[in-house]
1. Please compute P(r) over all alpha-carbon pairs of the chain, binned at 5 Å starting from zero, and give each bin as a whole-number percent.
2. Taking LYS83 as the anchor, which aspartates and glutamates have their alpha carbon closer than 20 Å to its alpha carbon, excluding any fewer than eight residues away along the same chain?
3. How large is the accessible surface per residue of region 1-49, computed with a 1.4 Å probe and reported in Å² as a whole number?
4. Rounded to the nearest 500, what is the chain's calculated 222 nm mean residue ellipticity when only DSSP H runs of at least 4 contribute -39500 (n - 2.57) each, over all residues?
5. By average Cβ neighbour count within 10 Å, what is the ranking of 26-36, 127-137 from highest down?
6. What do you get for the angle between helix 6-25 and the principal long axis of the chain? Use alpha-carbon atoms, 0 to 90 degrees, nearest ten.
7. Taking the Cα of LEU53, stepping 7 Å toward and past its beta carbon, and measuring to each backbone N in region 9-44: which are under 20 Å?
8. Taking the Cα centre of the chain as origin, work out the dipole magnitude from +1 charges on Lys and Arg Cβ and -1 charges on Asp and Glu Cβ, in debye rounded to 20.
Amino acid sequence: MNKINLARVILGGLVAGVVLNIGEFLLNDVVLGAQMKEFFARFGLPEPGNRFLVVAVLLTFILGIVIVWMYAAMRPRLGPGPKTAICAGLLAWFGIYLYSGVINGMVLQVPTNIVLVALVWGAVQYAVGAIAGAWLYKET
């Protein structure tokens, strides 16, 4: 059995992280920016500051690496290519967006339209990020 090429996992993961970070910026600042500001104001919450942004960006890069690592681990069973990359991306989407998004949306009373837009956006974003990262992955 082939070993996972960790250098390529990191390279592809960083590319996936760029795609995911751009997607998060577009979603939270452009697409839902006004609605999010209204939500924070309604509950008297401060808007996320620089510390939050630094942690979120770094964790998103790590998430990109994890997604490409999952892709590399899935390749022997599902084969290389976009289908396997999408599967890896959607597995991450399930744990990050679907599960936590729905639970947190219910607890924090986030409006349903914001949750739905974020869920759909996230599914596309994670699939595209996984494909971009997987494109750079090569076996050792």
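1. 2, 11, 18, 21, 18, 12, 8, 6, 3, 1, 0, 0
2. Hits, sequence-local ones excluded: GLU139.
3. 64
4. Working: 6 runs with 104 residues, N = 140.
Rounded to the nearest 500, it is -25000 deg cm²/dmol.
5. On the way: 26-36: 14.3, 127-137: 23.1.
Output ranking for 26-36, 127-137: 127-137, 26-36.
6. 20
7. So the set is 17-41.
8. Details: 9 positive and 5 negative charges, 98 e Å.
Value, rounded to 20: 480 debye.
The values are calculated or read from the model by the stated rules, or taken from the named source; none is laboratory data. What you are looking at is a predicted structure, and each value in this text was computed from that prediction instead of being measured. For neighbour counting, all protein chains shown are included, and Cβ atoms are generated from backbone atoms with ideal geometry for every residue, glycine included. Remember, those area values only see protein heavy atoms, side chains included, never the ligands or the DNA or RNA. Shrake-Rupley method; radii C 1.70, N 1.55, O 1.52, S 1.80 Å.
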